[in-house]
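Below you'll find the structure I mean.
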Amino acid sequence: MSSLTRRGFLATGLATVVAPAAFWRSAKAEDGTIELTAKPFEKSIPGGGAPASTLWGYQDQVPGPLLRARQGETLRIRFRNELPEPSSIHWHGVRVDNSMDGVAGLTQAPVPPGDTFDYEVNLPDAGTFWYHAHTKSWDQVARGLYGPLIVEERAPTFTPEADILLMLDDWRLDAQGRFDAASLGNMMDWSHAGRLGNYLTVNGMTSPDISVPANTWLRLRLINACNSRILEIDPNRFSARVIAYDGQAIGEARELDYAPLLLGPAQRVDLLVRFDTPGPVALEELSQSSAYRFATLNVADNETRQDREPTLPPNLLPAPDLRNAQMFELLMEGGAMGQMSQLTYNGRAQTRMDFMANKQVWGFNGVANMADEPFFSVARGQSVIVNVVNRTSFPHAMHTHGHHFKLLERNGQAGDEQIWRDTFLIEPDGMAKIAFVADNPGKWLFHCHMLEHAAAGMTTWFEIT
């Protein structure tokens, strides 16, 4: 079920010509409060006459409404739950107050069906972020509970027609083209690579044609909303350069000296590109045996020429003091073809029957899923270094809540980029070292963002006092 296809049951001609912002509907603001209602609704994922699926979405759409604000502002969101089960919302990559982080069971109680919860989301950083359900994420995000969150720089950098948002997701469809809800919770997915879909959408559409102007510097914001799929993209194929990772500007636009760029689940990348010749430009995903065109930029004539290359101002993140940092070790174990026999869950060692019954097949430092005690506890302002060792047969996308970190090393080699991220990829039998200043008090989740891996044990937390 890992191959991305257009599926044999689909008719041709599904691509839709859209302007950059045409898909996104704004949530309604009343007295400064934005309403986000989660509920089931019907939608055909492929379109083109394919049967409708029952999905879960915010404001009856997938992805959910585009939330857009300016750096330094506060979003006030009234979340209304009209689902048949509890839910909550996490603001991925945003350095929010801990009580607003949306992690059911750690920072808040899940919101029951028929109830509401008011979020106040402070926005200290400009950049590309997103929001998604954080109760049974492996299930609720797969059903469609996610959307984009864009925080604009204090001084506008790109015009609306030059600011292109591409939110990618892979769906698992059955033979009739419907969302395969019956396969959710599959043990094979939980113990192997996670839930991999067989159909890719961009902004909820099939291979859209997106109109963009020629002779203009464009900002392409790519968000990977897949449960577990690592997307492979080569910006060099269309002469694009990187200007931001995970919402954090890197300064001068950077041409990659390698290919492809791996975009893990929950990661974002902003690209800078300009096309001087009208015509179609294919954007392709490269992880399969042949390139898969997920969108086309339809470059139109534009008499105005923009020659000055825009730059993004960096966000003000505290640099970790590496000499005085506290160091912690995180050993990743378990999964298929891995060592599961040493994992404990709820305070006791698991047997083979336990693994089959509770599906807790992954662990950190010998423990499956969150323990009562934190992974570590430090005082506010303390610099932290975490050495992560992956002793499993699969890659993982590790996400730190409430903080961005410097990626210092990979496999013992100092990183050339020293970039800020909130989610990093670690390969099988790999090692990575990250560092950050623990300056945001509260209890923060640290987990694999392959959502099935997180549910199956790769979840812990740390505390800042």
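The values are calculated or read from the model by the stated rules, or taken from the named source; none is laboratory data. Predicted model, so just to flag it, every value in this text is computed and none were measured. We place every Cβ from the backbone using ideal geometry, glycine too, and count neighbours over all the protein chains shown. Side chains are part of the model used for accessible areas, which takes the heavy atoms of the whole protein and leaves out ligands, DNA and RNA. Shrake-Rupley method; radii C 1.70, N 1.55, O 1.52, S 1.80 Å.
So that you can scan it fast, the table gives a plain yes or no per residue for (1) at pLDDT 95 or above; (2) among the hydroxyl-bearing types (Ser, Thr, Tyr); (3) surrounded by fewer than 20 Cβ atoms within 10 Å (Cβ to Cβ); (4) out of contact with any Asp or Glu (no Cβ under 9 Å at 6 or more places or on another chain):
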residue	(1), (2), (3), (4)
Glu373	no, no, yes, yes
Gly381	yes, no, yes, no
Val386	yes, no, no, no
Val389	yes, no, yes, no
Phe405	yes, no, no, no
Arg410	no, no, yes, no
Gly415	no, no, yes, no
Gln418	no, no, yes, yes
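Quick one: what pairs do we get from segment 215-237, first residue among the small types (Gly, Ala, Ser), second open to solvent by less than 20 Å² (accessible area, probe 1.4 Å) and part of a helix (DSSP H, G or I), C-beta under 8 Å, 6+ apart or different chains?
Hits for this filter: Ala225/Val141; Ser228/Asp189; Ser228/Leu451; Ser228/Glu452; Ser228/His453.
Under the condition of being of a type in the set (Ser, Thr, Tyr) and not in a strand (DSSP E or B), which residue from segment 221-257 is least open to solvent (accessible area, probe 1.4 Å)?
Top of the filtered list is Ser228.
Now for a different question. In segment 85-131, what count of residues is obtained for those that are open to solvent by less than 30 Å² (accessible area, probe 1.4 Å), in a strand (DSSP E or B) and not small (Gly, Ala, Ser)?
Number satisfying all stated conditions: 12.
Show the residue pairs meeting these rules: Cβ distance below 7 Å; 6+ apart or different chains; first residue within segment 169-182 and under 18 Å from Ser207 (Cβ atoms); second residue at pLDDT below 95 and of a type in the set (Gly, Ala, Ser).
So the pair list comes out as Gly177/Ala50.
Looking at segment 294-307, I want the residues that are in a loop (DSSP other than H, G, I, E, B) and have a partner that is of a type in the set (Ser, Thr, Tyr) with Cβ atoms under 7 Å, at least 6 apart or on another chain. Which pairs are those?
Close Cβ pairs satisfying both conditions: Asn302/Thr216; Gln306/Thr216.
For segment 40-65, what are the residues that are open to solvent by 10 Å² or more (accessible area, probe 1.4 Å), of a type in the set (A, V, I, L, M) and at pLDDT 95 or above?
Ala52
Then there's this: Six or more apart or on different chains, Cβ under 8 Å: which pairs go from a residue in segment 380-400 that's touching a residue at least 40 places away in the same chain (Cβ under 8 Å) to one that's assigned to a strand (DSSP E or B) and hydroxyl-bearing (Ser, Thr, Tyr)? Could you list them?
Ala397/Thr423; Met398/Thr423; His399/Thr423; Thr400/Thr423
Find the residue count for segment 431-465, including only residues that are out of contact with any Pro (no Cβ under 8 Å at 6 or more places or on another chain) and assigned to a loop (DSSP other than H, G, I, E, B).
5
Also, quick follow-up: For the condition free of Cβ contacts under 8 Å to residues at least 40 places away in the same chain and of a type outside the set (Asp, Glu), what is the one hit in Ala291, Ala325, Ala336, Ala319?
Numbers: Ala325 fails: free of Cβ contacts under 8 Å to residues at least 40 places away in the same chain; Ala336 fails: free of Cβ contacts under 8 Å to residues at least 40 places away in the same chain; Ala319 fails: free of Cβ contacts under 8 Å to residues at least 40 places away in the same chain.
From the options Ala291, Ala325, Ala336, Ala319, the qualifying one is Ala291.
OK, next. Check whether at least one residue in segment 271-287 is in a loop (DSSP other than H, G, I, E, B), polar (S, T, N, Q), within 30 Å of Gly185 (Cβ to Cβ) and at pLDDT below 95, and report yes or no.
Yes, the conditions are met somewhere in segment 271-287.
Another question about this same structure. Among all residue pairs at least 6 apart or on different chains, which show Cβ distances below 6 Å where the first residue, located in segment 119-141, is more than 29 Å from Ile243 (Cα to Cα) and the second is open to solvent by less than 10 Å² (accessible area, probe 1.4 Å) and assigned to a loop (DSSP other than H, G, I, E, B)?
Matching pairs, first to second residue: Thr135/Ser88.
Of the residues Ala432, Ala438, which single one is under 16 Å from Met327 (Cα atoms), touching a residue at least 60 places away in the same chain (Cβ under 8 Å) and open to solvent by less than 20 Å² (accessible area, probe 1.4 Å)?
Sole residue among the options that is under 16 Å from Met327 (Cα atoms), touching a residue at least 60 places away in the same chain (Cβ under 8 Å) and open to solvent by less than 20 Å² (accessible area, probe 1.4 Å): Ala438.
Among the residues of segment 162-197, which ones are under 22 Å from Ala455 (Cα atoms), in a loop (DSSP other than H, G, I, E, B) and open to solvent by less than 10 Å² (accessible area, probe 1.4 Å)?
Gly194, Gly197
May I pose another question? Scan segment 45-82 for residues that are in a loop (DSSP other than H, G, I, E, B) and polar (S, T, N, Q) and jot them down.
The initial filter retains those residues of segment 45-82 that are in a loop (DSSP other than H, G, I, E, B), namely 45-52, 59-60, 62-66, 71-73, 82.
Result: Gln59, Gln71.
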